[in-house]
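Derivation of every value follows stated rules applied to the coordinates shown; laboratory data play no part. Please read these numbers as outputs of a predicted model, since none were measured by experiment. Glycine also receives a Cβ, built like all others from the backbone with ideal geometry; neighbour counts cover every protein chain displayed.
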């Protein structure tokens with residue numbers, strides 16, 4: 001399997017459940033619906049966790065790319 | 001439903017009540033009236049919350065994009 | 001009323017009294033005389049507040065855009 | 001009086017005494033000799049203040065724009 | 001052996017086990033599958049360590065380039 | 001004497017002894033040998049000071065522009 | 001000897017032992033094998049030091065330019 005660009009990995013995670021972690025330590029878990037080259041991200045059925053504890057149900061959430069550290073399929 | 005770009009999600013939230021959270025921990029809730037590719041945002045009938053507590057009524061507010069972490073319809 | 005771009009909201013606040021808040025927590029209140037796409041801003045008859053307390057009278061003040069979090073008409 | 005661009009305000013302050021404040025809390029007071037679109041600034045007969053106390057005489061000083069929060073004629 | 005560009009070193013590490021360290025102190029170890037000019041990186045079979053202690057198994061992980069300090073083959 | 005651009009001031013300091021201060025509080029003193037539009041700087045016969053105390057002799061030193069706050073001829 | 005551009009100084013240090021210091025206080029010492037205009041750097045036979053104490057042997061290391069404060073030949 002050839003994979004040369006990081007965004008290909010995000011593309012393969014589309015519509016799947018991912019965890020997105022921010023520089024401020026917050027985590028958002030939801031279905032990856034959209035992303036762009038700035039790594040701006042939209043999740044659906046999202047919830048916010050802090051220290052692995054659910055804090056809030058958020059539905060749709062737009063996350064600004066420059067606050068993100070990692071994105072990983074759950 | 002096809003959705004490929006993060007800004008489409010913001011477009012769908014136009015005129016609706018959203019919560020905008022900043023890197024400094026502040027939250028602004030109001031009707032999303034405008035946004036651009038830098039994620040600069042304008043809210044109407046906005047109020048500021050900190051730790052989910054209302055701090056101020058602000059009316060119209062311009063928020064600079066690079067201070068924003070997330071935007072979510074309430 | 002159609003409003004699609006965030007800078008339109010700043011344009012409508014021109015010559016009016018606005019509050020500008022910075023990432024370092026300082027607030028500047030004055031008449032909005034100029035702004036540009038970087039959100040660099042010029043206020044006249046400006047005063048600096050910290051925790052809603054007046055600290056200094058400043059007259060004309062140039063504020064660098066990348067230090068700003070929000071701008072709101074008073 | 002028409003004024004539409006923030007840099008016009010800096011231009012009008014040329015050769016006049018200004019105060020420049022940095023993100024790290026330091027203040028530089030001197031005659032504004034030069035600036036550019038990055039808001040890089042050169043002062044002459046400059047002195048450094050911290051908490052409104054003179055710390056050092058500096059003569060000519062180049063200040064990198066991205067460390068600046070505000071510039072105001074004294 | 002001629003090597004003139006930093007990305008050549010990453011290219012030579014492709015498919016090999018690398019350690020990626022972030023500005024927030026976290027470490028990710030895994031097989032380097034992809035990177036781009038922003039140093040966005042994708043690892044496979046990744047695990048997260050903090051102070052050299054394994055915290056989580058992550059499988060595939062996308063790491064945003066601007067949070068990275070160093071990348072080194074293990 | 002006409003001086004309109006900040007980099008002219010650096011140009012006039014070429015080969016002279018300057019002090020360069022960084023965002024992290026460190027000071028480097030040496031002969032200014034080179035600079036570019038990013039304000040990347042090279043000093044020769046440089047020494048590092050912290051709180052005006054000499055910490056290290058460094059010889060030639062390259063300083064990345066975005067870490068610099070001020071540059072001033074000694 | 002004419003030297004006008006900062007990157008010339010890095011070029012002259014190629015294959016020589018240099019110390020690279022990061023914004024987070026870490027130091028990496030090794031042979032400078034590659035760099036680019038972002039000041040991304042590759043060292044060989046690198047070791048990490050903190051407060052001048054060796055912490056780790058790293059072999060080849062890629063350092064992201066925007067985390068670097070200074071580079072100096074040892």
If residue E:12 meets every condition in (1) closer than 13 Å to residue E:72 by Cα; (2) in contact (Cβ under 8 Å) with a residue 40 or more places away in the chain apart from one, which number is that one? (2)
Which residue out of E:19, E:71 is in contact with a helix residue (DSSP H, G or I) (Cβ under 7 Å, 6 or more places away or on another chain) and farther than 22 Å from residue A:35 by Cα? E:71
If residue E:17 satisfies every condition in (1) without any contact (Cβ under 8 Å) to a residue 60 or more places away in the chain; (2) facing another protein chain (nearest Cβ under 10 Å) but one, which is the exception? (2)
Suppose we filter the range B:28-42 for residues that are within 7 Å of chain C (Cβ to nearest Cβ) and under 11 Å from residue B:71 (Cβ atoms); how many remain? 2
Which pairs turn up if I take residues in the range F:45-74 that are within 11 Å of chain G (Cβ to nearest Cβ) and look for partners that are surrounded by fewer than 16 Cβ atoms within 10 Å (Cβ to Cβ) and not in a strand (DSSP E or B) with beta carbon separation below 9 Å, at least 6 apart in sequence or on another chain? F:59/G:74; F:60/G:12; F:65/F:37; F:67/F:24
Unmet criterion (only one of (1) within 19 Å of residue D:26 (Cβ to Cβ); (2) without any contact (Cβ under 8 Å) to a residue 60 or more places away in the chain) for residue F:37: (1)
